[in-house]
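A short worksheet on the structure shown next.
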Amino acid sequence: MKTSHIEHIGIAVKSLDNAIPFFTKLLGTECYAIEEVKDQKVKTAFFLVGQTKIELLESTDPEGPIGKFIEKKGEGIHHIAFAVDNVNESLKEVEAMGITLIDKAGRKGAEGLNIGFLHPKSTFGVLTELCSK
Ligand code: ZN
């Protein structure tokens, strides 16, 4: 598999209202998009740092993946997303490498990207997302 760059880093936060002003100051740039991804039970806020985005994730449901993550581990880095040409092809490739997939096929994520997650148990504890346009 070939990745071109880190597309984004996902950070789980309890409150976007608290986190957005902080990251605006820290990064010296404005949040350029806020989007709810109903499917994932999250509200996301995006900052651009070079060609990499910082994606803040606030849970909209305690039973959702981010709600559960924060309950277990607290706020912090949730996942790293690598840009690839074609998510479906890359998922097949990593599966052939013996990596366990969370998503067998790409699905729609924030910003209209096609995304797929790899299981952290087979990626040294790092929840890894692949995404393509
Ligand atoms: Zn992501």
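On the given criteria, is L48 more than 22 Å from K2 (Cα to Cα), outside any helix (DSSP H, G or I) and in contact (Cβ under 8 Å) with a residue 40 or more places away in the chain?
Values: more than 22 Å from K2 (Cα to Cα): yes; outside any helix (DSSP H, G or I): yes; in contact (Cβ under 8 Å) with a residue 40 or more places away in the chain: no.
No: the conditions fail for L48.
Give the residues of the stretch 83-102 that are of a type in the set (V, I, T) and in a loop (DSSP other than H, G, I, E, B), sorted by residue number. I'd like the intermediate steps shown before the answer.
Here is the first cut: in the stretch 83-102, the ones of a type in the set (V, I, T) are 84, 87, 94, 99-100, 102.
Selection gives V84, I99, T100, I102.
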Can you list residue pairs whose Cβ atoms sit under 7 Å apart, with the first residue in the stretch 77-97 being within 15 Å of the ligand (Cβ to nearest atom) and the second being at pLDDT 95 or above and of a type in the set (F, W, Y)? Count only pairs 6 or more apart in sequence or on different chains. H78/F69
Yes or no: the stretch 33-40 includes at least one residue that is at pLDDT below 95 and crowded, with 19+ Cβ neighbours inside 10 Å. yes
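Table: residues versus (1) part of a helix (DSSP H, G or I); (2) among the charged types (D, E, K, R).
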position: E7; (1), (2): no, yes
position: G10; (1), (2): no, no
position: L26; (1), (2): yes, no
position: E36; (1), (2): no, yes
position: A81; (1), (2): no, no
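Mind checking which residues of the stretch 107-133 are touching a strand residue (DSSP E or B) at 6+ places or on another chain (Cβ under 8 Å) and away from the ligand (no atom under 13 Å from the Cβ)?
H119, P120, K133
Residue check: is K2 more than 15 Å from the ligand (Cβ to nearest atom), under 21 Å from V126 (Cβ atoms) and not in a helix (DSSP H, G or I)? Walk me through how you get there before you give the answer.
Details: more than 15 Å from the ligand (Cβ to nearest atom): yes; under 21 Å from V126 (Cβ atoms): yes; not in a helix (DSSP H, G or I): yes.
Criteria met by K2.
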Test each condition in (1) closer than 26 Å to S4 by Cα; (2) modelled with pLDDT under 95 for P62 and report the one that comes out false. (1)
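Residue-by-condition table, conditions (1) surrounded by 14 or more Cβ atoms within 10 Å (Cβ to Cβ); (2) assigned to a strand (DSSP E or B); (3) of a type outside the set (S, T, N, Q); (4) out of contact with any Asp or Glu (no Cβ under 9 Å at 6 or more places or on another chain):
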{"residue": "E30", "(1), (2), (3), (4)": "no, no, yes, yes"}
{"residue": "K53", "(1), (2), (3), (4)": "yes, yes, yes, no"}
{"residue": "D61", "(1), (2), (3), (4)": "no, no, yes, yes"}
{"residue": "K104", "(1), (2), (3), (4)": "no, no, yes, no"}
{"residue": "C131", "(1), (2), (3), (4)": "yes, yes, yes, no"}
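The values are calculated or read from the model by the stated rules, or taken from the named source; none is laboratory data. The model shown is predicted, which means the values in this text are computed figures rather than measured ones. Note that each Cβ is placed from the backbone with ideal geometry, even for glycine, and that neighbours are counted across all protein chains shown.
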